[in-house]
Amino acid sequence: MPLAPADDAFAAELAHHLPADTLRRAEPRYLEEPRGRWLGSAKWLALPRTAEEAASIVAAASQAGVGLLPYGGGTGLVGGQIASDGPAPLLVSLERMNAIRAVYPEENVLVAEAGTILQDVQSAAEQAGRLFPLSLASEGSARIGGLLSTNAGGVNVLRYGNARDLVLGLEAVLPDGTIWHGLRRLRKDNTGYDLRHLLCGAEGTLGLITAAALKLSARPAAQGTALLTVPDPKAALSLLARARDQLGDGISAFEVMHRMGFDFLTETLPDIRQPWQSPPDWSVLIELGLPRGLDPAAALETLFSEAFEAGLVSDGLIAQSRAQAQDFWALREQIPEANRRIGAISSHDISLPLSEIPAFITQAAPALAALGTFRINCFGHLGDGNLHYNVFPPAGANRSAYVHLRDDIKSCVHDLTHACGGSVSAEHGIGRLKVRDLQTYGDPAKLAAMRAIKSALDPKGIMNPGAVLPLPHDA
């Protein structure tokens, strides 16, 4: 049955059952996404203050057959928060549900509502002497509900895991409007199917997360950061293996960066300080977090010395202060902004088995060269196999002259990723951008199970219609 639009008549009826100012006209900022590829069609925005209000909204939408579009911080890069086709959905933002409900330092648990900004969760954990390790470039605006719904990654996945690995329990509104009171703080709970992991990563297609019990960790007593020059990605992987042997779980982050990223920084953000006159072709950024009694600077010096003798590094800098470490991280964290200013023809968020990464990088460049002349910026979270492999026009050329090649470029990169046993969506999710990619590269048995789960939990198809799985008439 086709969905109905969230029109003025539906909004007027819904408003009777909600407190004043819960519904308002959708402002333009809710209808745009960071890359400007889509404009949303929603006319109305719901801003519940409690799980009960959210449940009333979902129940009303279910009864009327109106699509719901959950909206977090709006930072998603695959269009999961934007619907430009089909009947206008009702936008639901939980930004008013932004309370830290409780902190249990002895349990290493923090309970936060879904509208809480990630940076505020990090600060609350720090005030309790603990660490919430999820960290990414948009942490000043991304919200917990959206981060869990997309199973966000970031720079610390190597040590702490993805977003779903940091969740003990959830409170959520299911597609019929009932509230699942799963906000438990248990480390062990073998009582049937794990709805927590089903909702994390579902991108709002199976329910609306309203709060979460989050895992905290001990804060490292000492941190160390190094920026090392490596000859190639293969050497970077060997360096990672050596670092793991030496430091175990003390490695918090291990990032790889190609020279093109630094060239883009010089071109677009010249005020970003770079520690070299001529950037190396490949470099890695390592961060350690060690317990009391261990010296991260000494550990990095030992690692560098041994790696230098083995031919794995040729140069490097070990941060001598937190300010210098922040300068190193500024290089990595501003690369996406430099990319945006240059303007990619096609961007790819992929993951690969670690041992396949050198071969992929070696094969991808000549495969793309067969399509045209491009600049390639390859960087990312090498420790967990996640590469951001982005393709740009040559220097001085306008991106618009290459847009007709976008699909061919994406297919080239994704075909090779799939052939290497990788994933075409590492940490950004499927959204609407990669729905066809999921159908192309996804395992048929998995896709059938996903459709069955969607049909069982959301038979009317109201939850984020068109995201992750195609609409019925598009399948």
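The values are calculated or read from the model by the stated rules, or taken from the named source; none is laboratory data. Treat the numbers as computed from the prediction; the structure is a model and nothing was measured. No Cβ is skipped: glycine too gets one built from the backbone with ideal geometry, and neighbour counts run over all protein chains shown. What goes into the accessible areas is simple: the full protein's heavy atoms, side chains included, and nothing from ligands, DNA or RNA. Shrake-Rupley method; radii C 1.70, N 1.55, O 1.52, S 1.80 Å.
How large is the accessible surface per residue of segment 204-293, computed with a 1.4 Å probe and reported in Å² as a whole number?
Details: 3520 Å² over 90 residues.
Accessible area per residue, segment 204-293: 39 Å².
How charged is the neighbourhood of residue 231? Take every other residue with its Cβ under 11 Å from the Cβ of residue 231, and add Lys/Arg as +1 and Asp/Glu as -1.
-2
Do any chymotrypsin sites (Phe, Trp or Tyr not before Pro) in segment 127-236 lie in a loop, going by DSSP, with at most 11 other beta-carbon atoms within 10 Å of their beta carbon, and if so which?
On the way: sites: 160, 180, 193; in loops: 193.
Those that pass, being in a loop and sparsely packed, are 193.
With unit charges on the beta carbons (Lys and Arg positive, Asp and Glu negative) and the dipole taken about the Cα centre of segment 421-475, which residue among 426, 452, 438 sits farthest to the positive side?
452
Report the dimensions of segment 257-404 along its three principal axes from the alpha-carbon atoms, largest first, rounded to Å.
57, 36, 25 Å, listed from the longest principal axis down.
Which value, in Å² and to the nearest 10, is the accessible area of residue 410 when all protein chains are kept and the probe is 1.4 Å?
Around 50 Å² of this residue is reachable by solvent.
For the chain, build the charge dipole from Cβ charges (+1 Lys, Arg; -1 Asp, Glu) around the Cα centre, then report which of 335, 58, 324 sits farthest towards its positive end.
58
Under a point-charge model restricted to the Cβ atoms of Lys and Arg (+1) and Asp and Glu (-1), what is the dipole moment magnitude of the chain relative to its Cα centre, in debye to the nearest 20? Could the numbers behind the result be given before it?
Details: 41 positive and 51 negative charges, 93 e Å.
In debye, rounded to 20, the chain gives about 440.
How far apart, in nanometres, would the label points at residue 106 and residue 404 be if each is projected 7 angstrom from Cα along the Cα-to-Cβ direction?
7.0
May I ask for the net charge around residue 370, where only other residues with Cβ less than 14 Å from the Cβ of residue 370 are counted and Lys, Arg are +1 while Asp, Glu are -1? Before the final figure, lay out the partial values.
Values: positive: none; negative: 408, 415.
Within the 14 Å Cβ shell, the charges total -2.
Per-residue counts of other Cβ atoms within 10 Å, averaged by peptide: what ranking do you get for 161-169, 440-448, 215-223, highest first? Kindly include the intermediate steps, with their values, before the conclusion.
Details: 161-169: 19.9, 440-448: 11.7, 215-223: 16.8.
Highest to lowest by the protection proxy: 161-169, 215-223, 440-448.
With just the Cα atoms defining each centre, how far is segment 157-196 from segment 209-278? Give it in Å.
Between the Cα centres of segment 157-196 and segment 209-278 lies a distance of 30 Å.
So if R0 is 25 Å, what FRET efficiency would residue 222 and residue 306 give, r being the distance between their Cβ atoms, rounded to the nearest 0.05? Before the final figure, lay out the partial values.
Details: r = 20 Å, r/R0 = 0.82.
About 0.75, to the nearest 0.05.
Rounded to the nearest 20 debye, what is the charge dipole size of segment 300-390 about its Cα centre when +1 sits on each Lys and Arg Cβ and -1 on each Asp and Glu Cβ?
Values: 5 positive and 10 negative charges, 97 e Å.
The dipole magnitude comes to about 460 debye.
Extending each Cα 7 Å along its Cβ direction at residue 271 and residue 448, get the distance between those two points in nm, one decimal.
Taking the two extended label points, one gets 5.8 nm.
Can you give me the % of accessible surface on the chain that is carbon or sulfur? Probe 1.4 Å, all protein chains present, nothing else counted.
Numbers: 10500 of 20790 Å².
After summing per-atom areas, the C and S share lands at 51 percent.
So for the chain, averaging the separation of alpha carbon pairs under 8 Å that are six or more residues apart and normalising by length, what relative contact order in percent results? Intermediate results must be reported in sequence, preceding the final value.
Values: 960 pairs, mean separation 73.9, N = 475.
Relative contact order comes out at 16 percent.
Could you sort the peptides 268-275, 60-67, 224-231 by per-residue average Cβ neighbour count (10 Å cutoff), highest mean leading? Don't skip to the answer; put the middle values down first.
Details: 268-275: 12.6, 60-67: 20.2, 224-231: 22.4.
Listed from highest to lowest mean packing, they are 224-231, 60-67, 268-275.
So how strong a dipole does segment 381-475 carry about its Cα centre when Lys and Arg Cβ are +1 and Asp and Glu Cβ are -1, to the nearest 20 debye?
280
Can you bin segment 263-320 into rounded, prolate or oblate? Criterion: square roots of the alpha carbon gyration tensor eigenvalues sorted a ≥ b ≥ c, rounded for a/c under 1.5, prolate for a/b above b/c, oblate for the rest.
Details: a/c = 3.23, a/b = 1.62, b/c = 2.00.
Because a/c hits 1.5 or more and a/b fails to exceed b/c, segment 263-320 counts as oblate.
Roughly speaking, what is the stretch gain from residue 439 to residue 137, that is 0.36 nm per residue apart minus the C-alpha to C-alpha distance, in nm to one decimal?
Values: separation 302, 0.36 × 302 = 108.72 nm, distance 2.93 nm.
Separation in residues times 0.36 nm, less the Cα-Cα distance, equals 105.8 nm.
Under 8 Å for C-alpha pairs, at least 6 residues apart: give me the relative contact order for segment 162-282, rounded to a whole percent.
Relative CO of segment 162-282 lands at 23 percent.
Residue 321 accessible area, nearest 10 Å², 1.4 Å probe?
The accessible area of residue 321 comes to roughly 60 Å².
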